[in-house]
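The values are calculated or read from the model by the stated rules, or taken from the named source; none is laboratory data. Just so it is clear, the structure is predicted and the values come from calculations on it, not from any experiment. Every residue, glycine among them, receives a Cβ derived from its backbone with ideal geometry; neighbour counts consider all protein chains shown. Just the protein is used for accessible areas: all its heavy atoms, side chains included, with ligands, DNA and RNA removed. Shrake-Rupley method; radii C 1.70, N 1.55, O 1.52, S 1.80 Å.
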Amino acid sequence: MLCALPLLAGADEGLKLKPQPGLMLIPPDNGDVLPLFVEADRIQGTQDKEIEAFGNARLRKRGQAFYADWMRHDTPTDVLNAKGNVRIEQDREILQGDTLRYEMATDRGYMDRPRYLLMSTPETGPISSGAASLVQTEGRGTAERLLFEGPGQYRVQTASYTTCEPGNDAWYLRANQLDIDRNRDVGVARDASIVFFDVPIFYSPYLSFSLHQQRKSGFLTPSYRTSNTTGFEFTTPFYWNIAPDMDATLYPRYMTKRGLQLGGEFRYLNSKGKGEARAEMLSNDQQIGRDRWGLFTKHQQALDNGWNSQLNINRVSDGKYFTDLSTQVAVTSQVYLSNDLTLSRGGNWGDGGTYGFSAYAQRWQTLQADPLAPLVAPYNREPQLTLTAQRLMRWGDLDMLSSFTSFAHPSLVNGKRTVVNPSFSLPLQNAFAYVTPKAGVHVTHYSMGSNNTAGLPDATRTLPVFSVDSGLVFERDMEARGEKLIQTLEPKAYYVHIPYKDQSRLPNFESGLQDINFATIFTENQFSGQDRINDANQLTLGVSTRFIDAGSGIERLRAALAQRYYFEPQQVTIPGVPSRASDRNSSDLLAAVSGNIAKNWTGDAGWQYNTDLKQTQKFNIAARYQPQAGKVVNLAYRETVNTLQQVDFSTQWPIDGRWTAVGRWNFSIRDGRTLEALAGVEYSDRCWALRIAAHRFATTTASASTSVFVQLELSGISRIGNDPLDVLRRNISGYKQFDPRSTRPVEYNVPGLF
C-alpha cells in the first residue's frame, strides 16, 4: 500500500524520515514538477537530501517505473542508484541489469550487464526486399554495459540483438558498440557481425540501420547467386536517402564469367511529377570482349493548364543484353524496347462533353537475340497526334476519333496517315433489355513518303460503318449445395455492316488479324489498327449465364457461348494473310466457363472450335486447388492446332511443420522441351526463414538460363542472399510469402518513394 508524504518547502534539513512503506517526492529543482512515487518493504532517508528503499523497491515517474532490491534517490542531484534485480519499464522497452546509475532530469547514466527488450509499435512494417535494415518487431539482447545518453538515446557496449523469442538464439546480431536513437528510430552498429546457429555469416565494421521501415542511407545486405550465363555473382548495393522525395541506389555487380558491372538507380517524387532512372555499364565483357550497357528512364510530369507529359527511354548496347545478363524470363523475353514521349491534355467542353488530346513520338529498338527467330522492326511514330471527343446529347451520344501519324522505317515504305472517325449512337434500354444502333464514317487519307518501292499512290478511303448492339437479361432464384443463388441468362446479338472497298493499294503500317476471342468477336473490325477496315455484313450471337451469391453479390460461376455469322464472303485482307474461305459462313465457335467448381477449387476453361472442319483450333483448361493461404496447386493445359501443346503445373505446399515445397514445370509436348522449371523449398521458423530455389527457362529456341537462389531471412534485421520472391510469385499463381515471426503467409510491401 502506498503512503503519500509530500516534502514541504522550508522543512528542517536535519529532520530524519522514519521508515515508511511508501513516499511521494517532489524534487525542488525538477522543472517539470513531476512527482516521484516510491514503494518498498522499508524506506528511510533525510528530508530534501536522499531517500533509500530496501526490499521490493519501486520508484515511479510518469511514463517510467524502476524496480530493484535496493535503491537510493539523491534529491539535490535527482540521481537514482539501484542494485540487485534492477528493472526499468518505460514506453516500448524493458531493461534489466545488475546495477544502475540514472540521472532522472537528464536521462543519463548507465546499467551494468543489461538485458533489454524493445517492444513492437503500431508502425511496425515489413522488411524491404534485400535491405539490411533492422525493422523493429520485438527485439531483445544483452550487453556488458548500457549507457543512457539523453531521452531515447542509448549506447550499448559488447551488445547482442535478436528478434527470436526468449530461449531461442538461432541468430543474433553481435556488435562491439550499438548506438540506438529511439526518437528517430535509427541504429548504428560498429564492428558488427551476424551469427547464425553460432556461426558468423556476415561482418561489417559499420552498419547503419533503421529500427522501423524507414529509408536510411547505408550499405544494403550483399546478394549473391549463380547462373550458367553469368557464373557466380556478388552484388553489394549502397542506398543513399538524398531527401524525403529523392533517393538513389548504387549496385556494383561482379560476375565471374563476365566481369564487373556498375549500376545505379535514381528515384524522385514531387507534387507535380515522379520518375526513375537506371543505368548499367559492363566494361569489356569477358565472354565477347566488348563494353555492354543499358539505360532505362521513366518520367511523369504534370504541367500547367491541365497538360501532362510522360517520357520513357529504354536502350541497351546489343540484342543479347538481357538474355546474357538477366536471370528473369520476364526481362529476357523482351524483343522490342520502346522509347517514347507523350504530351496530353483532357477536359470538358459544353454541357456533357469531354475531350482528350495527345501528342506521341515513339522509336523502337529491336533486340535480335535469337538468330533462328528473325524479327522485323515495327514502325516508328514521328509523331502521332490524337484527338478524341464525346458528347452526351438528349437523343444520343456523339463520338469523334481523329489522328495524324507519320510512320518511319529504315527499310519499309514510309508515309503519313490522317484518320477522322465520327459516330452517333442511340442507347435504348430498360431493366431487362437494351438496343444501341450506331452509325459512323471512317475517313482515312494517306500521303506517301520515301522508300515507296511499291509505287503506292496518295489515297483517301471513306467507309460508312453501321452496327446494332442488343441484349436481354433474365434472372431466376435458385439453390445449389445449400447456397441461395441468382442465375442470369443473357443472350446478346451484335450486327455490323461495312461496305466493301478495295484497299489493296493502301500501305499497311500497323494492321494485323486479331485473334478471335470474347473481347474481339463483338467488335466492328476484325483487324487491329487503322490501315485495314474489314468489309462486313455479319451477325454475332452469344449467350452467357452467371450464378451469383444472393447474399453477397459475388459471382460464383460464369459460362458463355458466341459465334459470328457471315452473310457475304470476305474481300478485304491483310498482306500475307489468306482470306476466309468463300464457302465459310461462320466463325469458330467460342465457349468459356470459369468460377468455383467445388469447395476450394476454381477453374477456367476456353474452347475455340471450327464448325466447318469439325476441329478444335484452341483449347485451354486450368484449375486451382487452394484450401488456405500458402497451400496451392495449379494445373493447366494449353493447345493450339499445329502450333502449341503445353502442360503447366505449379505448387506451394507444406511438407511438414515449417517446411514448404515450391515448384513449377511448364513443358512443351509438341517440342519435347521444358520451357520453364522451378524447384525449391522454404523453411520458416519463428524468427528466420530459408529459401532455396533452382530456376531454368528457355531464352531462345536453342539456349536456356539456369539460376540458383539461396536466401536467409532474419526477421527484423536483414535478408541475406539472392531474393527469389519475384520468381516464386511469377511462377506460382496464388503464392503467399510466410512471415517468420508467425509462420502465417503475408505479403510484404517494399518501402520507397511511390
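Some points to look at:
- Taking amide H as placed 1.01 Å from N in the peptide plane, the amide H of Gln617 sits under 5 Å from that of Gln608, Tyr609, Asn610, each at least 5 places away or on another chain.
- Cα convex hull of the range 456-596, projected area averaged across orientations, nm²: 10.5
- 3J(HN,Hα) along the range 408-421: 10, 8, x, 10, 9, 4, 9, x, 10, 10, 10, 10, 10, 9 Hz, from the Karplus curve 6.51 cos²θ - 1.76 cosθ + 1.60 with θ = phi - 60°, whole Hz, x for Gly and Pro.
- Exposure here means at most 12 other Cβ atoms within 10 Å; with GluC sites (Glu not before Pro) in a DSSP loop as sites, the longest stretch of the chain lacking them is 145-746.
- Here's the list of lysines a cross-link from Lys61 could span, going by alpha-carbon distance under 30 Å and ignoring same-chain residues fewer than 8 apart: Lys16, Lys18, Lys49, Lys83.
- Stretchable slack from Asp656 to Thr158, in nm (0.36 nm times residue separation minus alpha-carbon distance): 175.4 nm
- Only Cα pairs under 8 Å and 6+ residues apart enter the sum, and on that basis the relative contact order of the range 403-475 stands at 31 percent.
- The length gained on full extension between Ala598 and Ser579, counted as 0.36 nm times the residue separation minus their Cα-Cα distance, comes to 2.5 nm.
- Of all lysines in the structure, those lying under 16 Å Cα to Cα from Lys320, and not within fewer than 8 positions of it along the same chain, are Lys257.
- Proximity of backbone amide H atoms, modeled 1.01 Å from N, is registered between Ala679 and Arg664, Ala694 at under 5 Å, excluding neighbours fewer than 5 places apart on the same chain.
- Averaged over residues, the count of other Cβ atoms within 10 Å places the peptides 246-253, 394-401 in the sequence 246-253, 394-401, highest first.
- Working note: Karplus 6.51/-1.76/1.60 with θ = phi - 60° gives the range 579-592 the couplings 7, 5, 4, 5, 9, 8, 10, 8, 7, 5, 7, 10, 9, 8 Hz, where Gly and Pro are set to x.
- Mean-position separation - Cα centroids, the range 375-390 and the range 647-716, in angstrom: 41
- Within the same chain, aspartates and glutamates fewer than 8 places from Lys274 are excluded, and of the rest, those with a Cα less than 20 Å from its Cα are Asp245, Asp247, Glu265, Asp304, Asp340.
- Straightening the chain between Asn308 and Gln365 buys 18.0 nm, computed as 0.36 nm per residue apart minus the Cα-Cα spacing.
- Label corresponding to P(r) over Cα pairs in 20 Å bins from 0, in percent when calculated from the structure given, among (i) 18, 51, 28, 4, 0; (ii) 15, 48, 32, 5, 0; (iii) 12, 32, 32, 16, 7, 1, 0: (iii)
- Qualifying trypsin sites (Lys or Arg not before Pro) in the range 591-644, DSSP loop, other Cβ atoms within 10 Å at most 12: Lys599, Lys614
- Rounded to the nearest 20 debye, dipole of the range 404-544 from Cβ charges on Lys, Arg, Asp, Glu: 360
- Descending by average beta-carbon neighbour count within 10 Å, the peptides 375-382, 73-80, 687-694 line up as 687-694, 73-80, 375-382, the highest first.
- For the chain, a crude dipole built from +1 on the beta carbon of Lys and Arg and -1 on the beta carbon of Asp and Glu, taken about the Cα centre, is about 1280 debye to the nearest 20.
- Only protein heavy atoms count here; under a 1.4 Å probe, Asp502 has an accessible surface of about 90 Å².
- In the context of the full protein assembly, Val420 retains an accessible surface of approximately 60 Å², using a probe radius of 1.4 Å and ignoring ligands and nucleic acids.
- Relative contact order for the range 287-421: 16 percent, from Cα pairs under 8 Å spaced at least 6 residues apart, divided by residue count.
- Assigned charges on the beta-carbon of Lys, Arg, Asp, Glu; the range 559-639 dipole about Cα centre (debye): 380
- Paramagnetic reach from Asp502 (point 7 Å along Cα→Cβ, amide N under 13 Å) across the range 443-476: 457
- Taking every C-alpha pair closer than 8 Å and separated by at least 6 residues, the mean separation divided by the residue count of the range 540-666 gives a relative contact order of 13 percent.
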